[in-house]
Amino acid sequence: MIDDLYSARILSLAANLPHAGRLSAPEGTGEKIAKLCGSRAIVDVDLDENGQVVRFAQDVKACALGQAGAGVVGEAAIGSRLAEIEAARDAMLAMLKSGGEGPEGRFEGLRILKQVADYPARHASSMVAIEALLDAVRQALKHHTDTRTNIAGAA
């Protein structure tokens, strides 16, 4: 198991987490915890007027697999949109649970975790970062919608 899962690339991603930390006053924050092992990711985002991630930060306390997933997410998050993130999350779930090929495009790097499919106890920790990003973007989009509604209502 160790040799299969903990490749040099996975360990490198885990050791070099892009955009580590938190944003001050983010528009959206998502948090996911893998119940089995306690891996946790908190993601903060700001979006532009088109719903694209323009600022991103993550605070991740996870095993090497969770950290590696967060490394890929950190490299790909800025510039992403809700539909891309949902597609990546869905493709990753299919990769882990039913033999799918994994995410394409911006989040294709998550395919490095394909071997995790053979270890169901590790699935949740591998997913914490992408799921936290998805929740953060959804919250930020709601914030944008609520802000527009409040502005329109004040006019």
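The values are calculated or read from the model by the stated rules, or taken from the named source; none is laboratory data. Just so it is clear, the model here is predicted, and its values are computed rather than measured. A quick note on method: Cβ atoms are made from the backbone with ideal geometry, for glycine too, and the neighbour counts reach across all protein chains shown. Heads up: the accessible areas ignore ligands, DNA and RNA and are worked out on the full protein's heavy atoms, side chains in. Shrake-Rupley method; radii C 1.70, N 1.55, O 1.52, S 1.80 Å.
Key figures
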| read-out | value |
| --- | --- |
| So residue 59, is it surrounded by fewer than 20 Cβ atoms within 10 Å (Cβ to Cβ), among the acidic types (Asp, Glu) and part of a helix (DSSP H, G or I) | no |
| Matching option when the condition is farther than 17 Å from residue 23 by Cβ and not in a helix (DSSP H, G or I), among 79, 102, 69, 109 | 102 |
| Contacts under 7 angstrom Cβ, first residue in the range 13-39 being at positive phi, partner modelled with pLDDT of 90 or more and open to solvent by less than 30 Å² (accessible area, probe 1.4 Å), 6 or more apart | 19/56; 19/57; 19/58; 19/74; 21/57 |
| Single condition residue 118 does not satisfy, out of (1) under 20 Å from residue 39 (Cα atoms); (2) of a type in the set (Asp, Glu); (3) within 14 Å of the chain's Cα centre (by Cα) | (3) |
| The range 73-110: number of residues that are in contact with a Pro (Cβ under 6 Å, 6 or more places away or on another chain), open to solvent by less than 60 Å² (accessible area, probe 1.4 Å) and of a type in the set (D, E, K, R) | 0 |
| Residue count for the range 21-32, restricted to those that are more than 16 Å from residue 73 (Cβ to Cβ) and surrounded by 16 or more Cβ atoms within 10 Å (Cβ to Cβ) | 1 |
